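Read the structure below first, then the notes.
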Amino acid sequence: MFKPGTPSIEQIRTFLAVVEEGSFAAAGRRLRRATSVVSYAIANLEAQLGVTLFSREGTKKPRLTPAGEAVLEELRQVERGLESLRARVGGLVAGLEPRVALVVDVMFPMPCLAAALRDFAAQFPSVALSLRIEALGAVAQLVQQGEASLGIAGPLAAEQAGLERRLLAHVDLIPVVAPGHPLAHGSRPRDEVQLVLSDRSSLSAGREFSVISPRTWRLGDLGAKHELLREGLGWGNMPRWMVGDDLARGRLVELTLPEAPGGAYPLYAIHRADAPPGPAARWLADRLGQLDGSIAPAAVLA
């Protein structure tokens with residue numbers, strides 16, 4: 001029984017060059033090889049695989065056979081894998097860390113985060129990146145436990161031992177409510193349900209942050225809090241960057257309360273003191289500090 005052989009890297013590149021250039025001659029020019037060398041490499045590849053990859057009859061240009069179509073994507077994946085391997089090894093030789101584990105406070109402007117992550121992927125294609133979005137103390141706790149090498153954390157980070165921190169920015173938190181809610185028409189905040197973001201970590205156990213009402217709903221997701229606020233089911237603090245469009249369209253209104261909850265929410269880049277970040281993580285921390293005012297007008301660089 002015939003067993004297909006293993007193509008060489010040169011054969012794979014030659015095959016893909018013929019497909020992409022449309023002829024043996026054009027592939028030869030791209031690879032700086034004679035047309036006869038390209039033809040010979042394809043013939044050897046077909047012999048190794050035991051299938052005809054190109055139809056050469058009745059046309060000036062070789063056309064992929066059904067078998068050629070079937071193996072095309074597989075061979076492209078092999079080439080992509082080799083390119084990724086070369087980039088990864090090149091990064092290691094240059095001193096880049098192979099992986100960055102990032103955890104970001106949910107208050108950080110998400111459009112700015114997305115832009116920074118796109119730039120990171122372009123700048124460090126060989127560095128694997130993992131991402132988690134958490135609230136309050138959970139960011140610092142993940143960094144403390146070594147599950148994340150870099151964190152963008154709120155004020156609780158400033159209180160944790162063993163962490164190095166650098167202030168990046170402040171995000172404006174404001175109390176908001178739906179326009180039809182009683183609090184928008186003279187009710188007292190202590191009489192109404194306050195929607196409060198809860199902490200999955202133990203770092204804030206027994207503590208409250210800007211909680212005024214004895215009636216609270218505890219939510220672990222800022223998006224859920226946002227939706228319940230728009231539905232008029234309570235009031236609470238939100239980052240201005242997230243509710244700016246709601247305020248402009250009248251779906252939410254900003255409250256002026258004597259207790260003045262909200263205010264500037266500091267964001268820090270943090271890492272363990274005994275595990276300083278590598279070059280890619282340092283670049284990412286700097287990039288995350290470059291908040292674009294056109295995207296997040298309420299985020300003010302510190």
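The values are calculated or read from the model by the stated rules, or taken from the named source; none is laboratory data. The structure displayed is predicted, hence computed values, not measured ones. In this analysis, Cβ positions are derived from the backbone assuming ideal geometry, glycine residues included, and neighbour counts consider all displayed protein chains. Calculation scope for accessible area: heavy atoms of the full protein, side chains included, ligands and nucleic acids excluded. Shrake-Rupley method; radii C 1.70, N 1.55, O 1.52, S 1.80 Å.
Close amide H pairs (under 5 Å, H built 1.01 Å from N) link residue 216 with 194, residues at least 5 positions away or on another chain.
Relative to the Cα centre, the charge distribution of the chain, modelled as +1 at Lys and Arg Cβ and -1 at Asp and Glu Cβ, gives a dipole magnitude of about 1000 debye.
So for 188, 76, what's the accessible-area order with a 1.4 Å probe, most first?
Details: 188 140, 76 70 Å².
Sorted by accessible area, descending: 188, 76.
For the chain, the carbon plus sulfur part of the accessible surface works out to 53%, probe radius 1.4 Å. For segment 132-271, the ratio of Cα radius of gyration to the globular rule of thumb 2.2 N^0.38 Å stands at 1.09. Counting only heavy atoms of the protein chains and using a 1.4 Å probe, residue 9 has close to 70 Å² of accessible surface.
Solvent-accessible area of residue 173, all protein chains in place: 20 Å² (probe radius 1.4 Å, heavy atoms, ligands and nucleic acids excluded). In order along segment 186-191, the phi-based Karplus estimate (6.51 cos²θ - 1.76 cosθ + 1.60, θ = phi - 60°) of 3J(HN,Hα) comes to x, 5, 8, x, 5, 8 Hz; Gly and Pro are listed as x.
What is segment 88-195's relative contact order, in percent, from Cα pairs under 8 angstrom and six or more apart in sequence? Mind showing how you got there, number by number?
Working: 107 pairs, mean separation 28.7, N = 108.
Averaging sequence separation for qualifying contacts and normalising by length gives 27 percent for segment 88-195.
Counting only protein chain heavy atoms and rolling a 1.4 Å probe, the accessible areas of 3, 61, 225 rank, largest first, as 3, 61, 225. Across segment 265-276, computed HN-Hα scalar couplings (Karplus, 6.51 cos²θ - 1.76 cosθ + 1.60, θ = phi - 60°) run 9, x, 10, 10, 8, 10, 7, 5, 5, 8, 9, x Hz from first to last residue, x flagging Gly and Pro. Annotation: amide H-H contacts under 5 Å for residue 64 (H modelled 1.01 Å from N, sequence separation of 5 or more, or interchain): 55.
Multiplying the residue separation of residue 227 and residue 159 by 0.36 nm and subtracting their alpha-carbon distance yields 21.4 nm. The largest accessible area among 40, 265 belongs to the first residue in 40, 265, and the rest follow in falling order (1.4 Å probe, all chains).
Solvent-accessible surface (1.4 Å probe) assigned to residue 190 amounts to roughly 120 Å².
With distances taken between every two different alpha-carbon atoms, the chain has a Kirkwood hydrodynamic radius of 23.5 Å. Between the beta carbons of residue 57 and residue 34, assuming R0 = 22 Å, the FRET efficiency works out to 0.50 to the nearest 0.05. The residues of the chain expose on average 51 square angstrom of accessible surface per residue, using a 1.4 Å probe on protein heavy atoms. Placing a label point 7 Å from the Cα of residue 245 along the Cα-to-Cβ direction, the residues of segment 97-136 whose backbone N falls under 16 Å of that point are 109-115.
Length available on full extension from residue 257 to residue 166: 0.36 nm per residue minus the Cα-Cα distance, which gives 29.6 nm.
Can you check what the Kirkwood hydrodynamic radius comes to for segment 1-65, Cα pairs only, in Å to one decimal?
On the way: mean 1/r = 0.0841 Å⁻¹.
For segment 1-65, inverting the mean 1/r across all distinct Cα pairs yields 11.9 Å.
Under 5 Å from the amide H of residue 132 lie the amide H atoms of 102, 103, 104, each residue being 5 or more positions distant or on a separate chain, with H modelled from the backbone and absent for Pro and chain starts. FRET efficiency for residue 274 and residue 200, Cβ-Cβ distance as r, R0 = 22 Å, nearest 0.05? Plugging the Cβ-Cβ distance into 1/(1 + (r/R0)^6) gives 0.35.
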